[in-house]
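In what follows, a structure is listed as structure tokens, so that the remarks can point back to it.
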Amino acid sequence: MTQHFPTRQLRFFLTAPSPCPYLPERYERKVFAHLPLADGAAVNDSLTQVGFRRSQNIAYRPACEGCAACVSARIPVLDYLFSRSERRTLSRNEDLTRHVVEAEATMEQFDLLRRYLNVRHADGGMAEMTWPDYVAMVEDTAVRTHIVEYRVRPNGSGPGDLMACALVDVMSDGLSLV
């Protein structure tokens, strides 16, 4: 189904070239639009169908000259066959439980994110993220968003230690990892 969005409401912009964070000696550009507060979920749904991703209230996709290496992947999960390596990974993580929770930032999630960024992306764009930045990323959104928390199965009382979490948008045809 085609849906019309007034151009006054949705404007697209192109970033200036900047060093590519993935491929050495390459430059990236992105086309982006601010998601409207009123129809953010529907606009995000439509843009995701054509390869856009979301970061807070901005939808973006790569628009690099002469390169198409970055591709949004859509996986039909009902048809997906796990590889032997993926099955081993699932088996090694049998002690984890998965819970979908409301998109409300917690200090426990933020601490986990900070540890991850320090180890894997110390020089990246999110390296300087503060608590208010994290709260905005999780809670300041015009789309249907949740957090999937992965915790070690508790031995006694309490929810168990948080091992991973993922910010996900609920789309008309599935979930999209943010």
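Do any strands (runs of 3 or more DSSP E) lying entirely in region 42-114 carry at least 1 residues that are in contact (Cβ under 8 Å) with a residue 24 or more places away in the chain, at negative phi and loosely packed, with under 11 Cβ neighbours inside 10 Å, and which ones are they?
Working: elements: 53-55, 58-62, 96-102.
Result: 96-102.
When the residues of region 137-160 are filtered to those that are in a loop (DSSP other than H, G, I, E, B) and farther than 17 Å from LEU35 by Cα, the one that is modelled with the highest pLDDT is GLY160.
Taking the conditions (1) in contact with a Gly (Cβ under 9 Å, 6 or more places away or on another chain); (2) surrounded by fewer than 16 Cβ atoms within 10 Å (Cβ to Cβ); (3) assigned to a strand (DSSP E or B) in turn, MET163 satisfies each one other than (1).
If you go through region 141-160, how many residues are more than 30 Å from VAL43 (Cα to Cα), surrounded by 15 or more Cβ atoms within 10 Å (Cβ to Cβ) and either out of contact with any strand residue (DSSP E or B) (no Cβ under 8 Å at 6 or more places or on another chain) or acidic (Asp, Glu) (or both)? Within region 141-160, residues that are more than 30 Å from VAL43 (Cα to Cα), surrounded by 15 or more Cβ atoms within 10 Å (Cβ to Cβ) and either out of contact with any strand residue (DSSP E or B) (no Cβ under 8 Å at 6 or more places or on another chain) or acidic (Asp, Glu) (or both) number 0. Picking from residues in region 119-136 that are at pLDDT below 90 and closer than 25 Å to LEU47 by Cα, the one that is surrounded by the most Cβ atoms within 10 Å (Cβ to Cβ) is MET126. For region 149-178, name all the residues that are without any contact (Cβ under 8 Å) to a residue 24 or more places away in the chain and among the small types (Gly, Ala, Ser). Matches in region 149-178: GLY156, SER157, GLY158, ALA166.
The values are calculated or read from the model by the stated rules, or taken from the named source; none is laboratory data. Predicted model only: the values in this text are computed from it and were never measured. Quick reminder, even Gly has a Cβ in these numbers, built from the backbone with ideal geometry, and neighbours come from all protein chains shown.
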